[in-house]
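The values are calculated or read from the model by the stated rules, or taken from the named source; none is laboratory data. Quick caveat, the model's predicted, so the values are computed rather than measured. When we count neighbours, we look across all protein chains shown, and the Cβ atoms used for this are built from the backbone with ideal geometry, even at glycine. Quick note on the areas: whole protein, heavy atoms, side chains included, nothing else; ligands and nucleic acids left out. Shrake-Rupley method; radii C 1.70, N 1.55, O 1.52, S 1.80 Å.
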Amino acid sequence: MTGKRTATSDLWWKNAVIYCLDVQTFFDTDGDGCGDLVGLTEKIDYLAGLGVTCLWLMPCYPSPERDDGYDISDFYAVDEKLGNLGDFAEMLRTAHDRGIRVIIDLVVNHTSHLHKWFQSARKGRDAPYHDYYVWADEKPENEAKLVFPGEETSNWAWDDQAERWYFHRFYSEQPDLNTANPAVRDEIAKIGAFWLALGVTGYRIDAVPFLLEEVSGVAADGKDPHALLRELGTYLTRRRGDAVLLGEVNLPYDKGIEFFGEYGDELNMMFDFRLNQSMFLALARRDVAPLVKTLKELPEIAPECQWTNFVRNHDELTLDQLGDAEREEVFAAFGPEEDMQVYGRGLRRRLPSMLDGDDRRVRLVYSLMFSLPGTPALFYGEEIGMVENLDVEGRLSSRTPMQWSDGPHAGFSSAPEGARLCRPLPEDHAANVADQRRDPHSLLNWMERLIRQRKECPEFGWGKLELLHTKGAVLVHRCVWDGTAVVAVHNLGDEPATVTLPKDCTEFRDLFGDDDAEPGEKITVEAYGFRWFRAGGHH
Ligand code: GLC
């Protein structure tokens with residue numbers, strides 16, 4: 001069967017609603033101040049009720065936590081503070097029972113320095129795992145770009161035991177794996193197959209371009225570096241037909257697009273960092289022009305592939321693809337103080353603080369993100385408008401505990417009052433799930449509705465984008481697919497605006513209210529307002 005409508009369920013990632021969370025900061029049931037897998041399992045009904053269809057779990061593997069779990073010391077276990085593999089399997093079963101798929105982070109650009117491979121590798125150049133890493137006798141002069149400027153000064157670190165230099169793209173406690181080594185590629189495939197066998201539906205692949213790069217990656221052996229992704233994708237899809245690979249690729253479109261593969265046979269999905277950054281520039285200017293420019297440049301992708309859109313993720317809001325002056329504009333609008341910025345390229349705030357708590361504007365941003373071509377992804381706490389804690393170091397400022405109620409520890413933990421949590425709550429932790437459940441006008445209830453609406457508009461995920469109004473503060477866009485169409489209107493400005501709807505359809509059915517419109521009608525959109533319509537009779 002190759003029918004279009006059949007493919008809507010086969011290629012489930014074309015229209016998923018992804019929700020990213022860290023088990024550690026989600027819900028603590030054993031009172032140790034740290035979230036656990038049993039806690040997540042208890043909250044699956046909450047997530048199902050919200051309407052999310054795919055959970056992305058940040059790393060759960062054992063880790064010394066130099067990089068919040070992105071430094072893994074064992075790929076075949078879960079960190080004991082979160083539970084055990086049995087708890088993981090129970091969590092998966094519960095999620096599946098509620099119709100939710102689970103994907104997990106696959107972090108194989110590097111390991112923790114405490115991983116047994118590295119511990120063995122250090123013993124010298126004849127050690128069995130030595131070639132799993134990237135070594136040099138002399139410190140190479142050419143440095144690759146530092147990912148954590150200010151925290152690391154070089155990509156090469158000296159190892160006393162091996163008496164050689166090793167390459168690390170991130171922290172020095174995260175030695176890069178030598179993915180040019182076929183044995184390492186086999187290990188990656190085996191790790192991928194293991195978690196699929198347990199029941200995950202695929203992976204968010206960490207730091208993809210670095211996996212393939214010249215210094216440590218498969219490009220180093222002079223072969224086609226993209227073979228790694230192609231082979232991994234084919235292999236994992238053989239093991240599980242609906243497996244997805246969602247890659248972290250923060251590159252300009254002309255380079256990034258390569259990671260979908262020439263025939264759409266590498267990554268199935270990629271985060272659209274470019275669109276995210278253009279959206280923030282447009283919001284800062286209250287002018288849709290930067291967003292429109294990017295939407296016009298958005299490359300065509302194979303029908304099996306998909307962009308993943310987001311407002312904020314677990315890292316800093318990186319603005320590295322903007323020009324210097326543009327980045328300064330976004331800083332000035334949304335994070336003027338030095339403490340709000342990080343690495344000279346990003347902001348470590350969550351959205352509501354950047355928008356001075358203006359609820360209209362917060363909803364505008366989510367409405368916009370959900371209607372842009374691609375699949376939407378939320379970061380836990382966005383649905384209730386959680387804010388960050390700038391007292392927490394670096395990028396961890398937005399990874400504070402989930403706020404469930406107005407009780408002790410915001411309902412996150414059963415630890416005694418006054419006990420230390422794995423990460424401190426922000427001073428303002430008033431936003432919480434329990435209160436917002438009871439308020440029909442809350443952000444939470446609105447978000448639930450947005451998600452429901454988005455699921456009923458597959459055109460945004462599958463359709464062809466048409467830009468209908470692209471001037472000033474107002475964007476009107478339409479997505480057309482299989483003979484049906486949806487139209488979205490967004491006003492980024494702080495004043496009401498009027499806009500004329502197109503004439504080439506029979507009706508405009510209001511999707512968030514009961515204010516239907518006529519073809520060719522001039523409608524008024526409130527300051528920071530938005531409207532979604534189903535356009536009838538569109539061809
Ligand atoms: C990715 C992750 C980030 C992590 C880094 C190293 O960029 O998003 O959180 O620090 O990879 O694994």
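Just to be sure, is Glu448 open to solvent by 30 Å² or more (accessible area, probe 1.4 Å) and touching a residue at least 60 places away in the same chain (Cβ under 8 Å)?
Working: open to solvent by 30 Å² or more (accessible area, probe 1.4 Å): yes; touching a residue at least 60 places away in the same chain (Cβ under 8 Å): yes.
Against the criterion (open to solvent by 30 Å² or more (accessible area, probe 1.4 Å) and touching a residue at least 60 places away in the same chain (Cβ under 8 Å)), Glu448 qualifies.
What pairs come out if I take residues in the stretch 88-101 that are without any contact (Cβ under 8 Å) to a residue 60 or more places away in the chain and pair them with residues that are basic (Lys, Arg) and open to solvent by 40 Å² or more (accessible area, probe 1.4 Å) whose C-beta lies under 8 Å away, six or more apart or interchain?
As it stands, the answer is Ala95/Arg101, since those pairs meet every condition given.
Return the only residue of Phe210, Phe194, Phe170 being at negative phi, within 15 Å of the ligand (Cβ to nearest atom) and in a helix (DSSP H, G or I).
On the way: Phe194 fails: within 15 Å of the ligand (Cβ to nearest atom); Phe170 fails: in a helix (DSSP H, G or I).
Result: Phe210 is the single residue among Phe210, Phe194, Phe170 that is at negative phi, within 15 Å of the ligand (Cβ to nearest atom) and in a helix (DSSP H, G or I).
Name the residue that is surrounded by the most Cβ atoms within 10 Å (Cβ to Cβ), counting only residues in the stretch 92-135 that are of a type in the set (Lys, Arg) and assigned to a loop (DSSP other than H, G, I, E, B).
Initially, the stretch 92-135 is screened for residues of a type in the set (Lys, Arg), giving 93, 98, 101, 116, 122-123, 125.
Checking the rest, the ones that are also assigned to a loop (DSSP other than H, G, I, E, B) come to 98, 122-123, 125.
Values: Arg98: 14, Arg122: 20, Lys123: 13, Arg125: 12.
Taking the candidates together, the pick is Arg122.
Results for (1) hydrophobic (A, V, I, L, M, F, W, C); (2) touching a residue at least 60 places away in the same chain (Cβ under 8 Å); (3) in contact with a Cys (Cβ under 8 Å, 6 or more places away or on another chain), shown as yes or no for each residue.
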residue	(1), (2), (3)
Lys116	no, no, no
Tyr129	no, no, no
Trp135	yes, no, no
Glu138	no, no, no
Ala144	yes, yes, no
Phe148	yes, yes, no
Asn155	no, yes, no
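Out of Val480, Val486, I need the residue that is in contact with a helix residue (DSSP H, G or I) (Cβ under 8 Å, 6 or more places away or on another chain), surrounded by 20 or more Cβ atoms within 10 Å (Cβ to Cβ) and of a type in the set (Val, Ile, Thr). Which one?
Details: Val480 fails: surrounded by 20 or more Cβ atoms within 10 Å (Cβ to Cβ).
One residue alone meets the criteria, Val486.
Can you name the number of the only condition in (1) within 28 Å of Arg101 (Cβ to Cβ); (2) open to solvent by 10 Å² or more (accessible area, probe 1.4 Å) that Ala332 fails?
Unmet for Ala332, out of (1) within 28 Å of Arg101 (Cβ to Cβ); (2) open to solvent by 10 Å² or more (accessible area, probe 1.4 Å): (1).
Take the stretch 366-391 and flag every residue that is closer than 24 Å to Val480 by Cβ and open to solvent by less than 10 Å² (accessible area, probe 1.4 Å). Quick ask: steps written out before the conclusion?
Filtering the stretch 366-391 for residues closer than 24 Å to Val480 by Cβ gives 366-377.
Within the stretch 366-391, Tyr366, Ser367, Leu368, Met369, Phe370, Ser371, Leu372, Gly374, Thr375, Pro376, Ala377 qualify.
Check Ala410, Ala431, Ala517, Ala485 and return the single one that is of a type in the set (A, V, I, L, M) and on the phi > 0 side of the Ramachandran plot. Don't jump to the end; show me each part of the working.
Working: Ala431 fails: on the phi > 0 side of the Ramachandran plot; Ala517 fails: on the phi > 0 side of the Ramachandran plot; Ala485 fails: on the phi > 0 side of the Ramachandran plot.
Step by step, each of Ala410, Ala431, Ala517, Ala485 is checked, and only Ala410 is of a type in the set (A, V, I, L, M) and on the phi > 0 side of the Ramachandran plot.
On the given criteria, is Glu163 within 14 Å of the ligand (Cβ to nearest atom) and open to solvent by 30 Å² or more (accessible area, probe 1.4 Å)? Can you show your working first?
On the way: within 14 Å of the ligand (Cβ to nearest atom): no; open to solvent by 30 Å² or more (accessible area, probe 1.4 Å): yes.
Answer is no for this residue.
Being in a helix (DSSP H, G or I) and within 16 Å of the ligand (Cβ to nearest atom) is the requirement here; does Phe75 meet it? Walk me through how you get there before you give the answer.
Values: in a helix (DSSP H, G or I): no; within 16 Å of the ligand (Cβ to nearest atom): yes.
The answer is no for Phe75.
For the stretch 44-72, which positions are within 16 Å of the ligand (Cβ to nearest atom) and among the β-branched types (Val, Ile, Thr)?
First, the residues of the stretch 44-72 that are within 16 Å of the ligand (Cβ to nearest atom): 56-72.
Ile72, the sole residue that qualifies.
Let's see how each residue does on (1) open to solvent by 50 Å² or more (accessible area, probe 1.4 Å); (2) within 19 Å of Thr375 (Cα to Cα); (3) not in a loop (DSSP other than H, G, I, E, B):
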{"position": "Val215", "(1), (2), (3)": "yes, no, no"}
{"position": "Lys223", "(1), (2), (3)": "yes, no, no"}
{"position": "Thr237", "(1), (2), (3)": "yes, no, yes"}
{"position": "Asp242", "(1), (2), (3)": "no, yes, no"}
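Restricting to the stretch 294-329, name every residue that is closer than 23 Å to Ala488 by Cβ, surrounded by 14 or more Cβ atoms within 10 Å (Cβ to Cβ) and more than 16 Å from the ligand (Cβ to nearest atom).
Scanning the stretch 294-329 gives Thr294, Leu295, Leu298, Ile301, Cys305, Gln306, Trp307, Asn309.
Might you let me know whether the stretch 91-106 holds any residue that is at positive phi, more than 16 Å from the ligand (Cβ to nearest atom) and of a type outside the set (A, V, I, L, M, F, W, C)?
Going residue by residue through the stretch 91-106, those that are at positive phi are 99.
Still in the running and more than 16 Å from the ligand (Cβ to nearest atom): 99.
Now restrict to residues that are of a type outside the set (A, V, I, L, M, F, W, C): 99.
Checked against the condition, which is being at positive phi, more than 16 Å from the ligand (Cβ to nearest atom) and of a type outside the set (A, V, I, L, M, F, W, C), the stretch 91-106 yields at least one hit.
What number goes with the only condition from (1) open to solvent by 20 Å² or more (accessible area, probe 1.4 Å); (2) closer than 28 Å to Arg509 by Cα that Glu417 does not pass?
Of the numbered conditions (1) open to solvent by 20 Å² or more (accessible area, probe 1.4 Å); (2) closer than 28 Å to Arg509 by Cα, the odd one out for Glu417 is (2).
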